[in-house]
1. Relative to the present Cα-Cα distance, how much length would full extension add between Arg44 and Leu1 at 0.36 nm per residue of separation?
2. Run the numbers on the chain and let me know its relative contact order in percent, using alpha-carbon pairs under 8 Å that are six or more apart.
3. For Leu10, list long-range residues whose amide hydrogen, built 1.01 Å from N in the peptide plane, is under 5 Å from its own amide hydrogen.
4. Roughly speaking, what is the stretch gain from His11 to Arg28, that is 0.36 nm per residue apart minus the C-alpha to C-alpha distance, in nm to one decimal?
5. Given that just one value was derived from the coordinates, which of (1) 22, 11, 10; (2) 27, 12, 8; (3) 24, 15, 10 is semi-axes √(5λ) of the Cα gyration tensor in Å?
6. Select from the chain those trypsin sites (Lys or Arg not before Pro) which occupy a DSSP coil region and have at most 14 other Cβ atoms within 10 Å, ordered by residue number.
7. Pulled fully out, how much extra length does the chain show between Asp52 and Thr64, if you take 0.36 nm times their separation in residues and subtract their Cα-Cα distance?
8. Rounded to the nearest 500 deg cm²/dmol, what is the calculated helix-only ellipticity per residue at 222 nm for the chain, with -39500 (n - 2.57) per DSSP H run of length n ≥ 4?
Amino acid sequence: LPLPPGCLGLHPHQSIVMPDLVAEMYARGKWVMPWTVNEPPRMRELVSIGVDALITDVPALAKTTVRG
């Protein structure tokens, strides 16, 4: 995946975030913060593959889903 100079990370749509994308970005020293993640199963899945943060319309739901 080509990145512009100075790029620190990605804000990809959550539908394209897969383990290989996260691994590639981490290998390159970049962070991954997908958007817009509003469904608890997808929140758990993305956290389990190692994203740095979630962009969501429902932060309280995300907090209880991810932290318990």
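Taken together, the values in this text are just the output of simple stated rules run on the coordinates, not laboratory data. As the structure is a prediction and not an experimental result, all values here were calculated from the model. Because the Cβ atoms are built from the backbone with ideal geometry, glycine has one as well, and the counts that use them run over all protein chains shown.
1. Numbers: separation 43, 0.36 × 43 = 15.48 nm, distance 2.50 nm.
Separation in residues times 0.36 nm, less the Cα-Cα distance, equals 13.0 nm.
2. Numbers: 82 pairs, mean separation 20.4, N = 68.
It comes to 30 percent, rounded to a whole number.
3. For Leu10, whose amide H was placed from the backbone, the distant partners under 5 Å are Trp31, Val32, Met33.
4. Details: separation 17, 0.36 × 17 = 6.12 nm, distance 1.52 nm.
Stretched fully, the His11-Arg28 segment lengthens by 4.6 nm.
5. (1)
6. Details: sites: Arg28, Lys30, Arg42, Arg44, Lys63, Arg67; in loops: Arg28, Lys30.
Passing both the DSSP loop test and the Cβ count: Arg28.
7. Details: separation 12, 0.36 × 12 = 4.32 nm, distance 1.67 nm.
Using 0.36 nm per residue and subtracting the Cα-Cα distance, I get 2.6 nm.
8. Numbers: 3 runs with 27 residues, N = 68.
Calculated mean residue ellipticity at 222 nm is -11000 deg cm²/dmol.
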